[in-house]
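Okay, so here's the structure we're looking at.
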2 protein chains.
Amino acid sequence: MVVRVNGISVSLDGYAAGPDQSLENPLGVGGERLHDWLIATRMFHEMSGEDGGSEGVDDQFAAGLRTGIGATIMGRNMFGPIRGEWPDQDWTGWWGDNPPYHNDVFVLTHYAREPAVMDGGTTFYFVTDGVESALDLALEAAGDQDVLIAGGASVIRQYLRLGLIDQMHLAYAPILLGGGERIFDQPGDGADRYECVGFVPTDAAIHIRFARKSDR
Amino acid sequence: MVVRVNGISVSLDGYAAGPDQSLENPLGVGGERLHDWLIATRMFHEMSGEDGGSEGVDDQFAAGLRTGIGATIMGRNMFGPIRGEWPDQDWTGWWGDNPPYHNDVFVLTHYAREPAVMDGGTTFYFVTDGVESALDLALEAAGDQDVLIAGGASVIRQYLRLGLIDQMHLAYAPILLGGGERIFDQPGDGADRYECVGFVPTDAAIHIRFARKSDR
């Protein structure tokens, strides 16, 4: 079992989201193009209840978002647009009654809230005592499966800095965004503790796998 | 004729040079690995007076560093390790008596100096009145050929910000450096004025071509 990042799209100038994020542009201006490779896949079609979709390398990497994962961690900005105190229990994520996680999802937040039990095996737990605590809970919940650090970029950076991520798959999209939120932001983020262990291009993205150097 | 960047190597976290640049580590700690793809090519072997070298895609991109270029621009830190006033005329670059440029090279500096006429058609001119002036001189010198913005990263950023670069070829090396000097540094660098017009991977690098959007 490993702690991994999977299917995070990055622009060629290093941004996992474009500038000026908002409710209308949750991935920032121009940022939705980051996911063109993913949206075209059979896996994404299936997740959306649609037929068809591409079945090649992009789809194999997309499938990693669902395979072998026993628990998930995400930031509250990935969970939803609400900031500050939770006004009520109504917001339960972007994904409807049956979110595509089907495992325990630990949402990092400064504001306590009761768990939200959803259909299909997903329960959102709200963790207020930090990223390491959330990882402990996720490892416990995952059993012998992997923990997915789902995002966003700021959450990934926090785990990178602590050296707690074992493997990363990033999909470099062939676009430049000119600004936004970086995965590798500051010297000291710990990127140099990881190395590229494989890269595979498709027409839509360049898939890159990283592993911690000490793990090889 | 176009103004172009060619053969600039970038790490997957966006650095064209590693951290802690010094005379011993002109490309910063770990930065020499950025150029593994280039050093293996037949073009680089030829330039160094050696036989052999790879002849595939890497070599074709490397050849772009020598083909169709009528004038070159570089920063003084690319020209050499001396900072501040020139103590004398002795330093004439890293490349010996016959530098691999074979055209007029305009070196951006704050400190005036007489031109240095080298063997093989290379003359180094020292331009003290800014990047736009250097480009005017280079365009004049290039005739109907291209102007190469050779580097380093800071010089490329200055021309990018002014929108004066028509085409870029960057080679993404499959490494993470964790710090150093970025090509795409700040929002406002103008990266969003460019778009990817092609990408080709090899075993050693991912070659990406960019063009200004308005030129398409």
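The numbers here are math on the coordinates, done by the rules we state, and not lab data. Small disclaimer: the values here were computed from a predicted structure and weren't measured. Cβ atoms come from the backbone with ideal geometry, glycine included; neighbour counts cover every protein chain shown.
Data for the structure
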{"read-out": "Neighbour-count ranking [beta-carbon atoms within 10 angstrom, fewest first] of A:VAL200, B:VAL3", "value": "A:VAL200, B:VAL3"}
{"read-out": "Amide H contacts of B:ILE175 (H built 1.01 Å from N, under 5 Å, at least 5 apart or other chain)", "value": "B:LEU12"}
{"read-out": "Helical contribution to [θ] at 222 nm, DSSP H n ≥ 4, -39,500 (n - 2.57), averaged over the protein assembly as shown, rounded to 500", "value": "-5000 deg cm²/dmol"}
{"read-out": "Table column - 3J(HN,Hα) (Hz), the range B:8-19, Karplus curve with 6.51, -1.76, 1.60, x for Gly and Pro", "value": "7, 8, 9, 7, 6, 9, x, 9, 8, 7, x, x"}
{"read-out": "Modelled FRET efficiency - R0 25 Å, A:GLN145 with A:ASP90, Cβ distances, 0.05 increments", "value": "0.25"}
{"read-out": "Phi-based couplings in Hz for the range A:149-160 (Karplus 6.51, -1.76, 1.60; Gly and Pro marked x)", "value": "8, 7, x, x, 4, 5, 5, 4, 4, 5, 6, 4"}
{"read-out": "Average beta-carbon neighbours from other chains, 10 Å sphere, peptide B:14-23", "value": "2"}
{"read-out": "Lys, Arg +1 and Asp, Glu -1 on Cβ, resulting dipole of the range B:99-194 about Cα centre, debye, nearest 20", "value": "380 debye"}
{"read-out": "Computed over the range B:1-40: relative contact order in percent, which uses C-alpha pairs under 8 Å that are six or more apart", "value": "30 percent"}
{"read-out": "The range A:47-138: GluC sites (Glu not before Pro) in DSSP coil with no more than 13 other Cβ atoms inside 10 Å", "value": "A:GLU50, A:GLU55, A:GLU85"}
{"read-out": "Inter-copy label distances at B:ASP97 (7 Å, Cα→Cβ; nm, one decimal)", "value": "8.5"}
{"read-out": "Cβ-placed point charges (K, R +1; D, E -1), dipole of the range B:1-155 about Cα centre in debye, nearest 20", "value": "260 debye"}
{"read-out": "Label geometry 7 Å along the beta-carbon vector: B:GLY80 inter-copy distances in nm", "value": "6.5"}
{"read-out": "Calculated from backbone phi, Karplus (6.51, -1.76, 1.60) coupling profile of the range A:181-186 in Hz, x at Gly/Pro", "value": "10, 8, 6, 9, 9, 10"}
{"read-out": "Label point 7 Å beyond Cα along the C-beta direction, distances from A:SER48 to other copies (nm, shortest first)", "value": "4.9"}
{"read-out": "Long-range HN-HN contacts of B:MET118 with modeled amide H, under 5 Å", "value": "B:THR123, B:PHE124"}
{"read-out": "Neighbour-count order for A:ILE82, A:ILE156, fewest beta carbons within 10 angstrom listed first", "value": "A:ILE82, A:ILE156"}
{"read-out": "Distance from the range A:1-79 to the range B:77-111 (C-alpha centre basis), Å", "value": "47 Å"}
